[in-house]
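Q: Please read through the structure below; I'll follow up with questions.
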Amino acid sequence: KDLGERVSGLAPEDPLSDSLARKFGKGAQALDNIRRGLLVSQIATTARNFTAQIGRVGMHTLTDVIDDTLNTTLNPVRRLFGAETKPIDYSQSLGLFANLTKDKKFAKEATEFISKYFVNEKDRLFTSYASDVADSSKSKVFKGAQKVVDGLNFFNRQQEYFYRRGMFASSLDNTLRKKGTTLKEVVETGNLKNVSQEDVANAVDAALDFTYAKTPENFFAKGFVDFTNKLPFVLTSVIPFPRFMANAITFQFKYSPLGFTSLLRPSEIKKIAKGDVKTLSQAMLG
């Protein structure tokens, strides 16, 4: 949008002071990004993040198993009232686990194949790590320093992208199965007619959410993240990773008895009626 306005001559001419202020702001954010990147550059941080995600994989798998169990129980009730039943396939509960073990090579190849046709979604999936640290490929100032930070975070970035690819492939495969195909068939045939922009965006959201890197949908949580990141070295000195913090708190809420309070919303009851019982499963497991 910015480029289009400048080429067409519609972009307003900012005063020099505004231009300098904007450049100063970008420089401050870049330096803060370098600082935050150095905070997570230790090998110990990589090991901690990798092992912590193993527990997250277990929680995700158990949630899917509970989903299928609940839907097995609710399907007779749905049939009784003439509603559509939810297909049950317990093997799909192990999709993420398989993508991180025996099928990890396929998960990587499938993610690379799909994402090259949806460039914006590829950017969302791979141009940040540790939730709030931007990859140097998008940096415009202090490029050299940011590349050094990326190099120091090589193992940390790889472990995070490893989990993101596994979750992306698992989520997209589940979506495609509802359309009568599979991710494997799409990759083998190269036919993307059943893969929509929304499907890929939802899979990226699932991958980012799994690694605590998704921008919160809640108005207050999103406002907290945006406000904190817009004040580099001020609020970020106290809360260096606000996006991670917001997502972690949300995770703790969902996987606890407090998660049952979400069922007070009519929208959640409608989801359960349609076969989406994840909120209930997460609360039960929590």
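Q: Is there a quick way to get the dipole size of the stretch 161-227? I mean about its Cα centre, with the Cβ of Lys and Arg at +1 and of Asp and Glu at -1; what is the value in debye to the nearest 20? It would help to have the intermediate numbers written out before the result.
A: Details: 9 positive and 9 negative charges, 32 e Å.
Dipole about the Cα centre, nearest 20: 160 debye.
Q: Still on this structure: So what is the relative contact order of the stretch 17-137, in percent, for Cα pairs below 8 Å that sit 6 or more residues apart?
A: Numbers: 44 pairs, mean separation 24.8, N = 121.
About 21 percent, as a whole number.
Q: Determine the alpha carbon to alpha carbon distance for each of 143/230; 122/184; 230/278 and list only those over 26 Å.
A: Numbers: 143/230 20 Å; 122/184 19 Å; 230/278 34 Å.
Among 143/230; 122/184; 230/278, the Cα-Cα distance tops 26 Å for 230/278.
Q: Once the Cβ-Cβ distance between residue 89 and residue 227 is put in as r, and R0 is 35 Å, what FRET efficiency do you end up with, to the nearest 0.05? Intermediate results must be reported in sequence, preceding the final value.
A: Values: r = 43 Å, r/R0 = 1.22.
According to the calculation, E is roughly 0.25.
Q: Let me ask something additional. Ignoring ligands, DNA and RNA, what accessible area per residue does the chain give at 1.4 Å, in Å²? Walk me through the numbers before you get to the answer.
A: On the way: 16430 Å² over 286 residues.
Using a 1.4 Å probe on heavy atoms only, each residue of the chain averages 57 Å².
Q: Another question, then. Report, in degrees rounded to the nearest 10, the 0 to 90 angle that the Cα long axis of helix 219-229 makes with the longest principal axis of the chain.
A: The angle comes out at about 30 degrees.
Q: Check cross-link reach from residue 108 to the aspartates and glutamates: straight Cα distance under 20 Å, and skip same-chain residues fewer than eight apart.
A: By straight Cα distance, residue 108 reaches 121, 123, 135, 160, 173, 185, 188, 199, 205, 209.
Q: Dipole size in debye (nearest 20) for the chain around its Cα centre, Lys and Arg Cβ +1, Asp and Glu Cβ -1?
A: Working: 41 positive and 31 negative charges, 51 e Å.
The dipole of the chain has a size of about 240 debye.
Q: Relative contact order for the stretch 191-286 using alpha-carbon pairs under 8 Å, separation at least 6, rounded to a whole percent? Let's see the in-between values first.
A: Working: 64 pairs, mean separation 21.6, N = 96.
Reported relative contact order: 23 percent.
Q: Using only the alpha-carbon atoms, how far is helix 143-152 inclined from the longest principal axis of the chain? Give it as 0 to 90 degrees, nearest 10.
A: It works out to around 40 degrees.
Q: Additional query: Taking amide hydrogens as modeled 1.01 Å from N in the peptide plane, which residues meet the under 5 Å criterion relative to residue 40, leaving out close sequence neighbours?
A: none
Q: So for the stretch 234-286, what percent of the C-alpha to C-alpha distances run longer than 12 Å? Let's see the in-between values first.
A: Numbers: 921 of 1378 pairs.
When all Cα pairs of the stretch 234-286 are counted, 67 percent exceed 12 Å.
Q: Subtract the Cα-Cα distance of residue 272 and residue 43 from 0.36 nm times their separation in residues, and report this length gain in nm to one decimal.
A: Values: separation 229, 0.36 × 229 = 82.44 nm, distance 4.25 nm.
Stretched out fully, the residue 272 to residue 43 stretch lengthens by 78.2 nm.
Q: Enter the angle in degrees (range 0 to 90, nearest 10) between the Cα long axis of helix 197-210 and the first principal axis of the Cα atoms of the chain, meaning the one along which they spread out most.
A: It works out to around 80 degrees.
Q: Per residue, how big is the convex hull of the chain when only Cα atoms are used? Give it in Å³.
A: Working: hull volume 49.8 nm³, N = 286.
Convex hull volume per residue, Cα atoms: 174 Å³.
Q: Run the accessible area of the chain with a 1.4 Å probe and give the carbon-and-sulfur part as a rounded percent. Before the final figure, lay out the partial values.
A: On the way: 10290 of 16430 Å².
Carbon-and-sulfur percentage of accessible area, whole number: 63.
Q: Also: Determine one quarter of the surface area of the Cα convex hull of the stretch 95-160, which equals its mean projected area, and express it in nm² to one decimal.
A: Projected over every direction and averaged, the Cα hull of the stretch 95-160 covers 5.2 nm².
Q: Of all chymotrypsin sites (Phe, Trp or Tyr not before Pro) in the stretch 112-192, which ones are in loop regions per DSSP and have a Cβ with at most 16 other Cβ atoms within 10 Å?
A: On the way: sites: 113, 117, 118, 126, 129, 142, 154, 155, 161, 162, 163, 168; in loops: 117, 118, 142.
Within the stretch 112-192, the qualifying chymotrypsin sites (Phe, Trp or Tyr not before Pro) (loop, at most 16 other Cβ atoms within 10 Å) are 117.
Q: On full extension of the chain, what length is gained from residue 81 through residue 219, given 0.36 nm per residue of separation minus the C-alpha to C-alpha distance?
A: Working: separation 138, 0.36 × 138 = 49.68 nm, distance 3.62 nm.
Result: 46.1 nm gained on full extension.
Q: Would you please give the residues with an amide H less than 5 Å from that of residue 135, counting only those at least 5 places away or on a separate chain, with H modeled from the backbone geometry?
A: Under 5 Å from the amide H of residue 135: 128, 129.
Q: Which of the three applies to the stretch 116-233, rounded, prolate or oblate, going by the alpha-carbon gyration tensor with a ≥ b ≥ c and a/c under 1.5 meaning rounded?
A: prolate
Q: Let me ask something else. Using only C-alpha atoms and all pairs of different ones, pull out the Kirkwood radius for the stretch 51-114 in Å with one decimal. Show your work: numbers first, answer last.
A: On the way: mean 1/r = 0.0735 Å⁻¹.
Averaging 1/r across every pair of different Cα atoms and inverting gives 13.6 Å.
Q: On to the next question. Going toward the positive end of the dipole of the stretch 28-187, with +1 on Lys and Arg Cβ and -1 on Asp and Glu Cβ, which of 158, 110, 31 do you reach last?
A: Going by the charge dipole, the pick is 31.
Q: Need the C-alpha centroid separation for the stretch 190-213 versus the stretch 90-143, integer Å.
A: Using only Cα atoms to place each centre, the spacing works out to 10 Å.
Q: Okay, moving on. Could you compute the longest span of the chain free of GluC sites (Glu not before Pro) located in DSSP loops and having at most 15 other Cβ atoms within 10 Å, not counting the site residues?
A: Values: sites that count: 13, 84, 217.
Formally, the longest exposed-site-free interval is 85-216.
Q: Just to be sure I follow: if Rg is taken over the C-alpha atoms of the stretch 163-286 and Rh is the Kirkwood radius over the same atoms, what is Rg/Rh? Don't jump to the answer; show the numbers that get you there.
A: On the way: Rg = 17.4 Å, Rh = 16.6 Å.
When Rh is taken as the Kirkwood radius, the ratio is 1.05.
Q: Moving to a separate point now. Each residue of the stretch 60-74 in turn: what ³J(HN,Hα) in whole Hz from Karplus with 6.51, -1.76, 1.60 and θ = phi - 60°, glycine and Pro shown as x?
A: 5, 5, 5, 4, 5, 5, 5, 3, 5, 5, 5, 5, 4, 6, 7
Q: Which aspartates and glutamates, if any, have their Cα less than 17 Å from the Cα of residue 274, not counting same-chain residues under 8 positions apart?
A: Within the straight-line cut-off, residue 274 pairs with 64, 67, 68, 84, 89.
The values are calculated or read from the model by the stated rules, or taken from the named source; none is laboratory data. The shown structure was predicted, so the numbers you read here are calculated from the model rather than taken from an experiment. Virtual Cβ from ideal backbone geometry, glycine too; neighbours counted across all protein chains shown. For the accessible areas, the whole protein counts, side chains as well, though only heavy atoms, and no ligand, DNA or RNA atoms are used. Shrake-Rupley method; radii C 1.70, N 1.55, O 1.52, S 1.80 Å.
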